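This report concerns only the one structure given below.
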């Protein structure tokens, strides 16, 4: 039994499967790189908004919030951030998030509220936003 796992015979039977997976990963990486490069819009420059202030709004949470800059107001959403919902207004979404994080719905709400408090605290002083307006 041990000999089977210590010889090249075992490795050679696994090699075609390994090559298939490696080829698939290489193709997936290449396609992702192409999509990333082609998705970049060079016509939109980065915008720097200084002296931004968080606006108190019931819709603010851990990953999206209302901001004022001078006389203008914006709603910003953080890319690649998903803070759980803070209440039961969207139960289907809350259930999805709880399942994703392997926690209960009440725990998800608690985490969402903690994220909302964290964001409010970190943005309590004037801050700068670097963005590309859509």
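Taking the stated definitions as given, is residue 131 closer than 12 Å to residue 63 by Cα and in contact with a strand residue (DSSP E or B) (Cβ under 7 Å, 6 or more places away or on another chain)?
No: the conditions fail for residue 131.
Within region 79-110, which residues are assigned to a helix (DSSP H, G or I) and surrounded by fewer than 19 Cβ atoms within 10 Å (Cβ to Cβ)? Spell out how you get there, then give the answer.
Here is the first cut: in region 79-110, the ones assigned to a helix (DSSP H, G or I) are 91-101, 105-110.
91, 92, 93, 95, 96, 99, 100, 101, 105, 106, 107, 110 - these are the residues of region 79-110 that are assigned to a helix (DSSP H, G or I) and surrounded by fewer than 19 Cβ atoms within 10 Å (Cβ to Cβ).
Residue 94 - would you say it is at pLDDT 55 or above and more than 27 Å from residue 132 (Cβ to Cβ)?
It is true that residue 94 is at pLDDT 55 or above and more than 27 Å from residue 132 (Cβ to Cβ).
The values are calculated or read from the model by the stated rules, or taken from the named source; none is laboratory data. What you are looking at is a predicted structure, and each value in this text was computed from that prediction instead of being measured. Virtual Cβ from ideal backbone geometry, glycine too; neighbours counted across all protein chains shown.
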